[in-house]
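Input: a single structure, listed below in structure tokens.
The values are calculated or read from the model by the stated rules, or taken from the named source; none is laboratory data. Note that the coordinates shown come from a computational prediction; the quantities given were computed from them, not determined experimentally. Note that each Cβ is placed from the backbone with ideal geometry, even for glycine, and that neighbours are counted across all protein chains shown. Ligands, DNA and RNA are excluded from the accessible area calculation, which covers all protein heavy atoms including side chains. Shrake-Rupley method; radii C 1.70, N 1.55, O 1.52, S 1.80 Å.
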Amino acid sequence: MSLPFDDIESPLEEIEFLARSPNRVRVLDTLGNTPLERHDIEDETGVSRATLARVLDDFEERGWVTRDGRQYEMTPVGHYVAREFTDLLKRFEPVPELNDVGEWFPEGGFDFDLGRLAGAEIVRSTKSDALAPTTHITRRLRSADRVRVLSYSHLSDVMEVCWQGTVEGGLELESVVDRGVLDRIGTDARMVDHAQEMVESGQAKLFWHEGTIPVTVFVIDDWVLLCLSGDEGPPHAVIETTDAAIRSWAESIIDTYRREGKSLDSELFTE
């Protein structure tokens, strides 16, 4: 990727002019489409009178606002700057928290626009609660009506809750795991019994995939939970979102691995 122009200093100076002053950003956002008097801007932003005077003078000097008596109004250039800078802020909104969990992203990343994660909730493991992400998943599962899962990790606590929901409750479950997860389930007689009972309940459709599954993702009712494990153990973090585009991606990738997978029938448990 390369920049479409050579002179990056000039636009960076304009970005820096706003970025280094939250007050400038607040005033620019407040001006919006309606002419406002200075005291109205002061009330809306909470910016002190002296600071506001300097900000408005700077905006006038740049041609972003005009003044007519006591009223200030955005110019077309001001509208453009406000719109583009607001979009930039929105795009960067998830970055600070993603910085803390990016090391656990799947090797190939996620095949959706990370900007869609703005406003997502991130649950991280801590020294005092290493299983906080897993606990969050199981809490969602206990109250769920419909769940779809794609996973390369065997999470026994999660499987236990899924068993309870399908065999003893009304949970509808569809799960696709890789061969490694299937093999680990096979070494635990209790998990084997649970898997068989889930299939026989008619509430669970279980599949296994011979190849590599790149991500662990849950679609739990209206939520999408992205598990960041970095390995085959419990997740270090879970990103939860209700974003429609991410949900579409999650449903699509689960569909793909389900089509390529093999159904886990109850007869297999007696072999």
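Across q = 0.09 Å⁻¹, the stretch 135-271 modelled as identical point scatterers on its alpha-carbon atoms has Debye log10 I(q)/I(0) values of -0.23, in the order of the q list.
DSSP assigns beta bridges within the chain; of those with both partners inside it, close to 70 percent run antiparallel. Would you be so kind as to identify which of 115, 264, 17 lies farthest towards the positive end of the dipole of the chain, taking Lys and Arg as +1 and Asp and Glu as -1 on Cβ and the Cα centre as origin? Most positive-ward Cα: 17.
Across the chain, Cα pairs under 8 Å and at least six residues apart give a relative contact order of 17 percent.
Taking every Cα-Cα distance in the stretch 97-141 and sorting them into 5 Å bins starting at zero, the pair-distance distribution P(r) comes out as 5, 17, 22, 26, 20, 9, 1 percent. Based only on the alpha carbon positions, what is the Kirkwood hydrodynamic radius of the chain, in angstrom? Here the Kirkwood hydrodynamic radius works out to 22.1 Å. Could you check what % of the DSSP bridge pairs in the stretch 127-263 are antiparallel, to the nearest 5? Counting DSSP beta bridges with both partners in the stretch 127-263, the antiparallel share is about 55 percent.
Result for the chain in a Gaussian network model with C-alpha springs under 10 Å: among 245, 189, 130, the largest mean-square fluctuation is at 189. What FRET efficiency do you get for residue 160 and residue 221 if R0 is 22 Å and r is their Cβ-Cβ distance, rounded to the nearest 0.05? Computed FRET efficiency for residue 160 and residue 221 comes out at 0.70. For residue 39 and residue 193, the difference between the fully extended length at 0.36 nm per residue and the C-alpha to C-alpha distance is 48.4 nm. For the chain, with a Gaussian network of springs between Cα atoms less than 10 Å apart, report the residue from 41, 253, 239 with the top mean-square fluctuation. The residue with the greatest mean-square fluctuation here is 41. Taking trypsin sites (Lys or Arg not before Pro) across the stretch 51-159, the ones in a DSSP loop with at most 15 further Cβ atoms lying within 10 angstrom of their Cβ are 70, 127. Using a probe of 1.4 angstrom and keeping all protein chains present, the accessible surface of the stretch 1-132 works out to 68 square angstrom per residue.
Averaging Cα coordinates gives a centre for the stretch 13-55 and one for the stretch 107-123; these two points are 31 Å apart.
In straight Cα distance, which aspartates and glutamates are under 20 Å from residue 262, not counting same-chain residues fewer than 8 positions off? Candidates past the 8-residue exclusion: 172, 174, 178, 183, 193, 197, 200, 210, 251, 271. Ranked by solvent-accessible area (1.4 Å probe, protein heavy atoms only, all chains present), the residues 175, 48 order from largest to smallest as 48, 175.
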